Amino acid sequence: MDSKRMEEMQQEVEKHIGQYKEGYFSPLAMMARLSEETGELAREINHYYGEKPKKETEQFKTLEQEMGDILFVLICFANSLHINLDEAFDLVMNKFRTRDVDRWTKIEEGDR
Ligand SMILES: [Mg+2]
């Protein structure tokens, strides 16, 4: 499978949503969709790692599918607000490299 850059993913979603008159949802509806999909991921995690027993009638999806759903909704959300996710990613990584630089215990050569 080809690996895609975030910019390409944002463009692909833009093209997909652009086919429809309805376009993107409002920010509040998008926030609700993101929470919905996060809940679906939580359900899968609970199924695989939790104590909640699975009901026979329940259809379970994979973690991969649910993470894909979240990624899609997040990209829609970002596109609708004209947010570049490559830049958003750089912002968070830069925060980890500066503000949180001494927060975690580094693995030393001898630890490996
Ligand atoms: Mg889902």
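The values are calculated or read from the model by the stated rules, or taken from the named source; none is laboratory data. Please read these numbers as outputs of a predicted model, since none were measured by experiment. Glycine also receives a Cβ, built like all others from the backbone with ideal geometry; neighbour counts cover every protein chain displayed. The accessibility values were calculated without ligands, DNA or RNA, using every heavy atom of the protein model including side chains. Shrake-Rupley method; radii C 1.70, N 1.55, O 1.52, S 1.80 Å.
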Query raised in the report: Using beta carbons and a limit of 6 Å, which pairs, at least six apart or on different chains, have the first residue in the range 20-41 and touching a residue at least 24 places away in the same chain (Cβ under 8 Å) and the second one within 10 Å of the ligand (Cβ to nearest atom)?
Result: Arg33/Val73; Leu34/Val73; Glu37/Asp69; Glu37/Ile70; Glu37/Val73; Glu40/Glu66; Leu41/Glu66
Report summary line: Counting only residues in the range 20-56 that are assigned to a loop (DSSP other than H, G, I, E, B) and at pLDDT 95 or above, the one most open to solvent (accessible area, probe 1.4 Å) is identified as Lys21
Requested in this report: Within the range 45-79, count every residue that is farther than 27 Å from Glu12 by Cα and charged (D, E, K, R).
Outcome: 6
Query raised in the report: Within the range 86-108, is even one residue within 16 Å of the ligand (Cβ to nearest atom) and under 19 Å from the mean Cα position of the chain (by Cα)?
Result: no
Query raised in the report: Looking at Lys54, is it farther than 22 Å from Lys4 by Cα, touching a His at 6+ places or on another chain (Cβ under 7 Å) and more than 16 Å from the ligand (Cβ to nearest atom)?
Result: yes
Report task. Have a look at Gln59, Gln11 and point out the one that is among the polar types (S, T, N, Q), open to solvent by 100 Å² or more (accessible area, probe 1.4 Å) and more than 16 Å from the ligand (Cβ to nearest atom). Result -> Gln11
Requested in this report: State which residue pairs qualify: first residue under 21 Å from His16 (Cβ atoms) and inside the range 49-74, second residue part of a loop (DSSP other than H, G, I, E, B) and of a type outside the set (Val, Ile, Thr) in any location, beta carbons under 9 Å apart, and separation of 6 or more residues or different chains.
Outcome: Asp69/Lys61
Query raised in the report: For the range 65-88, does any single residue satisfy the condition of being among the β-branched types (Val, Ile, Thr), assigned to a loop (DSSP other than H, G, I, E, B), surrounded by 10 or more Cβ atoms within 10 Å (Cβ to Cβ) and modelled with pLDDT of 95 or more?
Result: yes
Query raised in the report: Can you spot a residue in the range 91-110 that is among the basic types (Lys, Arg), at pLDDT 90 or above and loosely packed, with under 11 Cβ neighbours inside 10 Å?
Result: yes
